[in-house]
1. Could you check the stretch 165-191 and list, in sequence order, the residues that are over 18 Å from the mean Cα position of the chain (by Cα) and either modelled with pLDDT of 95 or more or of a type outside the set (S, T, N, Q) (or both)?
2. Please state which of the following conditions ALA219 fails to meet, knowing it meets all the rest: (1) modelled with pLDDT of 95 or more; (2) closer than 28 Å to ILE277 by Cα; (3) not in a loop (DSSP other than H, G, I, E, B).
3. Scan the stretch 286-303 for residues that are of a type in the set (A, V, I, L, M) and part of a loop (DSSP other than H, G, I, E, B) and jot them down.
4. Looking at the stretch 264-279, which of its residues are free of Cβ contacts under 8 Å to residues at least 60 places away in the same chain, small (Gly, Ala, Ser) and in contact with a strand residue (DSSP E or B) (Cβ under 8 Å, 6 or more places away or on another chain)?
5. Being at negative phi, surrounded by 12 or more Cβ atoms within 10 Å (Cβ to Cβ) and not hydroxyl-bearing (Ser, Thr, Tyr) is the filter here, so list the residues in the stretch 88-104 that pass it.
6. Identify all residues within the stretch 304-324 that are in contact with a helix residue (DSSP H, G or I) (Cβ under 9 Å, 6 or more places away or on another chain), under 30 Å from TRP23 (Cβ atoms) and either of a type in the set (Asp, Glu) or assigned to a helix (DSSP H, G or I) (or both); write none if there are none.
7. Could you say whether any residue in the stretch 280-288 is polar (S, T, N, Q) and touching a residue at least 60 places away in the same chain (Cβ under 8 Å)?
8. Kindly establish whether MET151 is of a type in the set (A, V, I, L, M) and either over 25 Å from VAL57 (Cβ atoms) or in contact with a Ser or Thr (Cβ under 6 Å, 6 or more places away or on another chain) (or both).
Amino acid sequence: MLKTSIVGSLPKPSWLAQPEVLWAPWASDDPAKLEEAKHDAVRLAILDQEEASLDIVTDGEQSRQHFVHGILERIDGIDFDRKTRIGIRNDRYEADCPTVTGELRRKGPIHRDEVAFARAHTDRPLKFTMPGPMTIVDTLADDFYGDRPAMAMAFADILNEEAKELVAAGADVIQFDEPAFNVYLDAVPTWGLGALDRAVKGVDCTTGVHICYGYGIKANLDWKETLGAVWDQYRTTLPAIAESDIDQVSLEFAGARVPIEVIALLEGRKDVLVGAIDVTTHEAESPQAVAAIIRAALEHAPAERIFPCTNCGMVPLPRRVAVAKMKALAAGAAIVRAEL
């Protein structure tokens, strides 16, 4: 019980990309050298997690520059040379986004080899992350579908095909990242969850959705300052998520203004990845601080449903900080596990 993991991303080493920079370009444009660098980075990411005593590991998202674009580059119907500047996350910030210009089609396996490589280098349960349909739709310009729910369903079918292949390659957990679920609250219970359920249909492993308040970048921090003393977005969406086909929900609590009692809205029907590590700071939490969040979560869900985790990805952090935070996460969980 109280099995620990990170949300997904870890800092990239300097031989792969510029450290502490979100979505940094690759250090090499030579395909063979880049592949070797990615493999070395994945081995290091797994080793760091194992040495930190985490129970469930990821590949650290080392083979992807961007958590959304990493999968989109292998899908037909998206023109990466035609960038359109649009507001994303309900105009929280603007970005130059690839444009959907035709019917979306998966060319073939996208992340299968990445999962197989990671699987070959750890005996621990392996989690792999992909963006969810709503967040993908919100990170693209559309010049074909003209309908966000319709485009989300097309992506859901692609994600479903991919997820099934990733399970066959060795993934034990497939997590879909949906930061958009904290923005488009009215759409989550309708087409947001409809697309997510479609993405996990028939996927024979544990499935999860990660709903955070974003990396610790200025645009996100500025947005959080507008949310007031209590961040209550989860209160709107969690009752609907409790009815969904997803197995796990990853929520943000460390350093946040989220009332931890929102966990009860899931009615004990989902596993809860309890964000007990704040990824916006450069100081590692104490094990006691982590343990305090876990104890608070246990007031609203049974221990077998609680999975201590990080709030969000740690790719923008220095590696030494990320390692220290992972060790604190494992140590804090160990304290509460011993108490139980």
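1. GLU165, ALA168, ALA169, GLY170, LEU185, ASP186, ALA187, PRO189, TRP191
2. (1)
3. Selection gives ALA301 alone.
4. ALA276
5. ILE88, ARG92, ALA95, CYS97, PRO98, VAL100, GLY102, LEU104
6. Selection gives ARG319, ALA322, VAL323.
7. yes
8. Yes.
The values are calculated or read from the model by the stated rules, or taken from the named source; none is laboratory data. Because the structure is predicted, anything quoted here is derived from the model rather than measured. So basically every Cβ, Gly included, is an ideal-geometry build from the backbone, and we count neighbours across all protein chains shown.
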